[in-house]
Amino acid sequence: NAGVTQTPKFRVLKTGQSMTLLCAQDMNHEYMYWYRQDPGMGLRLIHYSVGEGTTAKGEVPDGYNVSRLKKQNFLLGLESAAPSQTSVYFCASSRGGAVRNSLAKNIQYFGAGTRLSVL
Amino acid sequence: RKEVEQDPGPFNVPEGATVAFNCTYSNSASQSFFWYRQDCRKEPKLLMSVYSSGNEDGRFTAQLNRASQYISLLIRDSKLSDSATYLCVVKGTGGGNKLTFGTGTQLKVEL
């Protein structure tokens, strides 16, 4: 059982280049998330999705786009990379759903991360 | 004020020691609370959920004080393998089950 898988693990881009990060989960989770983690800043939510075909903005969405065409996949796109987007990117998923009063549905499971450098 | 605040540390403790971390949160309507552990250059992983009445999992004890809006994590009999960054995590009231992560407290357990 792979859990949450992110590809690629590492990437170096030049300013202005574009790329897509792929996140795949095999836990049949409804909700998926993209975060970035920078030193001293903690994890910050970029975009999230509460189901196939839906996306929503998080705390730091500018410069990123996302798509959730299939329930198991959540893609993060950088259309024109900037040095400020150098970071570690984590994808996560959670069960979500309509279960009430359940801590379990809120637990997020993370992928191993993508280290991105923009020169 | 940050939504979730933690002392960044590092806390340097000898093996076998007891160590405690506190975390404060700003939104009094927050609903769920967790501690995650993050090893260097790895992803965060759930350590334990925090229940209103407090809960224990082996050497780890978590407490929640809603009146003062803080969460604590106590680690007894520290092991070298406990060295990591501990993230305090809070779920607010908005949709999407969004979690707010603290910046983490670094623990170093030494011989």
Exactly one of A:Val66, A:Val88 is within 12 Å of chain B (Cβ to nearest Cβ), assigned to a strand (DSSP E or B), surrounded by 15 or more Cβ atoms within 10 Å (Cβ to Cβ) and not aromatic (Phe, Trp, Tyr), and that residue is A:Val88
Counting only residues in region A:1-14 that are in a strand (DSSP E or B) and farther than 14 Å from A:Leu76 by Cα, the one most open to solvent (accessible area, probe 1.4 Å) is identified as A:Phe10
Among A:Ser67, A:Ser87, the single one that is within 24 Å of B:Thr103 (Cα to Cα) and within 14 Å of the chain's Cα centre (by Cα) is A:Ser87
Over region A:91-119, the set of residues out of contact with any helix residue (DSSP H, G or I) (no Cβ under 8 Å at 6 or more places or on another chain) and surrounded by fewer than 18 Cβ atoms within 10 Å (Cβ to Cβ) is A:Ala98, A:Arg100, A:Asn101, A:Ser102, A:Leu103, A:Ala104, A:Ala112, A:Arg115, A:Ser117
Pairs returned, first residue in region B:83-111 that is closer than 16 Å to B:Arg41 by Cβ and outside any strand (DSSP E or B), second residue that is at pLDDT 95 or above and among the basic types (Lys, Arg), beta-carbon separation under 6 angstrom, 6 or more apart or interchain, are B:Ser83/B:Lys108
Residue count, region A:40-55, condition open to solvent by 30 Å² or more (accessible area, probe 1.4 Å), free of Cβ contacts under 8 Å to residues at least 12 places away in the same chain and in a strand (DSSP E or B), comes to 0
When restricted to B:Glu15, B:Glu43, the only residue surrounded by fewer than 17 Cβ atoms within 10 Å (Cβ to Cβ) and of a type in the set (Asp, Glu) is B:Glu15
Exercise. Answer yes if at least one residue in region A:69-82 is facing chain B (nearest Cβ under 8 Å), open to solvent by 10 Å² or more (accessible area, probe 1.4 Å) and more than 15 Å from B:Pro44 (Cβ to Cβ), and no otherwise.
Key: no
Of A:Gln37, A:Gln17, the only residue that is among the polar types (S, T, N, Q) and not in a strand (DSSP E or B) is A:Gln17
Expected output for region A:105-118 (first residue more than 7 Å from chain B (Cβ to nearest Cβ), partner assigned to a helix (DSSP H, G or I), Cβ below 7 Å, 6+ apart or cross-chain) is A:Leu116/A:Gln85; A:Val118/A:Pro83; A:Val118/A:Gln85
(1) within 14 Å of another protein chain (Cβ to nearest Cβ); (2) surrounded by 17 or more Cβ atoms within 10 Å (Cβ to Cβ); (3) over 23 Å from A:Pro39 (Cβ atoms) all hold for B:Asn55 apart from (2)
Picked from region B:68-100 (must be within 14 Å of chain A (Cβ to nearest Cβ) and in contact with a Cys (Cβ under 7 Å, 6 or more places away or on another chain)), the residue surrounded by the fewest Cβ atoms within 10 Å (Cβ to Cβ) is B:Ile71
inquiry  = With the structure loaded, tell me whether A:Pro83 is out of contact with any Gly (no Cβ under 9 Å at 6 or more places or on another chain) and touching a residue at least 24 places away in the same chain (Cβ under 8 Å) or whether it fails that test.
reply    = yes
When every residue in region A:9-63 that is among the small types (Gly, Ala, Ser) and within 16 Å of A:Arg95 (Cα to Cα) is compared, the one nearest to the other protein chains (Cβ to nearest Cβ) is A:Ser49
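The values are calculated or read from the model by the stated rules, or taken from the named source; none is laboratory data. Predicted model only: the values in this text are computed from it and were never measured. Cβ: placed from backbone, ideal geometry, glycine included. Neighbour counts: every protein chain shown. The area values use the complete protein model at the heavy-atom level, side chains included, leaving out ligands, DNA and RNA. Shrake-Rupley method; radii C 1.70, N 1.55, O 1.52, S 1.80 Å.
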